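The values are calculated or read from the model by the stated rules, or taken from the named source; none is laboratory data. Quick caveat, the model's predicted, so the values are computed rather than measured. A quick note on method: Cβ atoms are made from the backbone with ideal geometry, for glycine too, and the neighbour counts reach across all protein chains shown.
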Amino acid sequence: MSGPGREGKLPKARPSHLTLASSRPETPTPSMAEGEVPEMASYPDELERIQSQLFVVARDLSSLYMRERKQAQHLDQLVGELKTTYLRVVQTLAFVVEAKDEYTRYHLERCREYGTALAEIVDPALATPEVQYGFLLHDVGKIGVPESILSKPGPLNTEEMRLMRLHPLNGVHIVQQMNFLTDDAINVIRHHHERFDGEGYPDRLKGEAIPLVARVFSVVDAFDAMTTDRPYRKALTIPEALRRLQAGAATQFDPDVVGSFMELVERLPAQSTASPA
Ligand SMILES: [Fe+2]
């Protein structure tokens, strides 16, 4: 067994205190007696080597973690910027509608404010930024309605009413490419003129078949419309508008949602529900 190949694997300069080990096999063999302690002298070197490797691994993990954290922060920033862009797109589109109809000025912002506050009472899960996009865009379909109809200072004839009643479906058509809008937001646009008794439009849905978010919004929309000057009438007082909401509970509106709106009005400061000058 003492060929040149084997000799080549042996350490060339062993420390003198390890000379005894050089006469032993390099690795423990099954012939080692039970309880015999294996060669201890190589353990500190091995531990040191493992420790060095652990340091390297720890350092790599730390730098990996820092890099991931920076990327996550960058992604958070990008998502935040994207959400701001979405909101600006929605606001721009909504304000185009508002600009067409001077009587609806500030209507959108008030609807968003009241709608969000009412949603928080009725079902907090509905009070999301995405639903607010739906509140802002609820009448976006009016882009396709002639201004002569929007601003007509009297009752609409049958054909004018037919065109006006297309605006929920036109609105859904306009926003269908905006894939950041949620189902709730789309439901506000499509169903905000449904009535609780099934006599609304465009789908004549009845009762709880009307998405809750649309039942919430229709109360807010009607309240704001009643307390604002319109081409065909002056603004109602707030007590009169509230009386009409209660009179319409279970016919036009979800009675539970009207009840929640009464709670909300009691909580709001007086100037928040004041009619615009
Ligand atoms: Fe509408």
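Values as computed for the structure displayed
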read-out	value
Selection count, segment 141-154, where residues are loosely packed, with under 15 Cβ neighbours inside 10 Å, out of contact with any Phe, Trp or Tyr (no Cβ under 7 Å at 6 or more places or on another chain) and touching a residue at least 24 places away in the same chain (Cβ under 8 Å)	4
Residue match in segment 168-186 (condition: over 24 Å from VAL89 (Cα atoms) and either in a loop (DSSP other than H, G, I, E, B) or hydrophobic (A, V, I, L, M, F, W, C) (or both))	no
Residue that is nearest to GLU266 (Cα to Cα), among those in segment 209-231 that are part of a helix (DSSP H, G or I) and more than 15 Å from the ligand (Cβ to nearest atom)	LEU212
Some residue of segment 68-90 being surrounded by 10 or more Cβ atoms within 10 Å (Cβ to Cβ), among the acidic types (Asp, Glu), in contact with a His (Cβ under 7 Å, 6 or more places away or on another chain) and at pLDDT 85 or above	no
Selection count where residues are buried (at least 19 other Cβ atoms within 10 Å of the Cβ) and of a type in the set (Ser, Thr, Tyr), scope segment 212-248	3
In segment 91-121, residue modelled with the highest pLDDT [restricted to those that are charged (D, E, K, R) and assigned to a helix (DSSP H, G or I)]	GLU120
Residue count for segment 125-139, restricted to those that are surrounded by fewer than 23 Cβ atoms within 10 Å (Cβ to Cβ) and under 9 Å from ILE189 (Cβ atoms)	0
Matching entry among LYS234, LYS206 (being away from the ligand (no atom under 16 Å from the Cβ), of a type in the set (Lys, Arg), at pLDDT 95 or above and over 18 Å from PHE95 (Cα atoms))	LYS206
Pair list, Cβ under 6 Å, 6 or more apart: segment 249-271 residue among the polar types (S, T, N, Q), other residue at pLDDT 90 or above and surrounded by 15 or more Cβ atoms within 10 Å (Cβ to Cβ)	GLN252/ARG195; SER260/ILE121; SER260/VAL122
All positions within segment 116-130 that are under 22 Å from GLN176 (Cα atoms) and either within 16 Å of the ligand (Cβ to nearest atom) or free of Cβ contacts under 8 Å to residues at least 40 places away in the same chain (or both)	ALA127
Pairs, first without any contact (Cβ under 8 Å) to a residue 24 or more places away in the chain in segment 209-226, second more than 14 Å from the ligand (Cβ to nearest atom), C-beta under 6 Å, six or more apart	MET226/LEU236; MET226/ALA241
